[in-house]
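Step one of this worksheet: look at the structure below.
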Amino acid sequence: MKRLEGKVALISGTARGRGRAAALRFAAEGALVVGGDLLHEEAVGTQRLIAREGGTALTPGPLDVTDEASVRSWVAEAVDAFGGIDVVCVNAGAVRFGGIDSRPYEDCAFTVRAELDSVRLTVRAACSR
Ligand SMILES: NC(=O)c1ccc[n+]([C@@H]2O[C@H](COP(=O)([O-])OP(=O)(O)OC[C@H]3O[C@@H](n4cnc5c(N)ncnc54)[C@H](O)[C@@H]3O)[C@@H](O)[C@H]2O)c1
């Protein structure tokens, strides 16, 4: 039996990078993967890769992890499809780094929203189901 057989894994940011790698790995371990990303077509591409390997994945979306309604609807689709959530991998994020004297405040606010608020929104939505 695989380590995550039948477990439902919610993974954000599955279009590329670490999120795509996590989605493929979780699926290889038997998890039912619910992915999502702003880059919806690329995230669906990850879903296709999983299916090609015999795994199961769903990609409701597009997902914006900085938008509460979007996150809630993503989580709701996961629960509707698979009956619950066992694992939450809060991966999606984006940063605008730079010196405090050279970058506008909007860049800082963008990073806080994409890297921190997104975690709170995702965990809160998942825990409420
Ligand atoms: N790569 C590193 O060295 C490193 C180090 C520390 C932390 N991280 C963090 O790990 C996470 C993944 O890193 P990565 O290197 O794979 O990054 P990446 O940029 O390759 O992938 C991030 C994914 O998140 C998606 N995304 C961004 N904002 C989104 C939003 N608002 N809603 C939905 N999807 C969104 C992007 O479209 C992308 O597919 C990021 O949060 C990153 O900050 C990365």
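Once the stretch 76-129 is narrowed to residues that are more than 15 Å from the chain's Cα centre (by Cα) and of a type in the set (S, T, Y), the residue that is most open to solvent (accessible area, probe 1.4 Å) is Y105. State which residue is least open to solvent (accessible area, probe 1.4 Å) when the search covers only the stretch 6-29 and only residues that are more than 15 Å from the ligand (Cβ to nearest atom) and in a loop (DSSP other than H, G, I, E, B). For the stretch 6-29, the residue satisfying everything is E29.
From the set of residues in the stretch 85-119 that are assigned to a helix (DSSP H, G or I) and among the acidic types (D, E), which is farthest from V33 (Cα to Cα)? Once the filter is applied, the top-ranked residue is E106. Among the residues making up the stretch 36-56, a single one is assigned to a strand (DSSP E or B) and either more than 18 Å from F82 (Cα to Cα) or free of Cβ contacts under 8 Å to residues at least 40 places away in the same chain (or both): T56.
Go through the stretch 30-58 and report how many residues are away from the ligand (no atom under 16 Å from the Cβ) and surrounded by fewer than 14 Cβ atoms within 10 Å (Cβ to Cβ).
If we filter the stretch 30-58 for residues that are away from the ligand (no atom under 16 Å from the Cβ), which is where we start, we get 30-32, 51-56.
Still in the running and surrounded by fewer than 14 Cβ atoms within 10 Å (Cβ to Cβ): 51-54.
Residues that pass the stated criteria total 4.
The values are calculated or read from the model by the stated rules, or taken from the named source; none is laboratory data. Computed from a prediction, not measured in an experiment: that's the story for all the values here. Don't worry about glycine lacking a Cβ; one is built from the backbone with ideal geometry, like all the others, and counts go over all protein chains shown. These area figures cover heavy atoms from the full protein model, side chains too; ligands, DNA and RNA do not enter into them. Shrake-Rupley method; radii C 1.70, N 1.55, O 1.52, S 1.80 Å.
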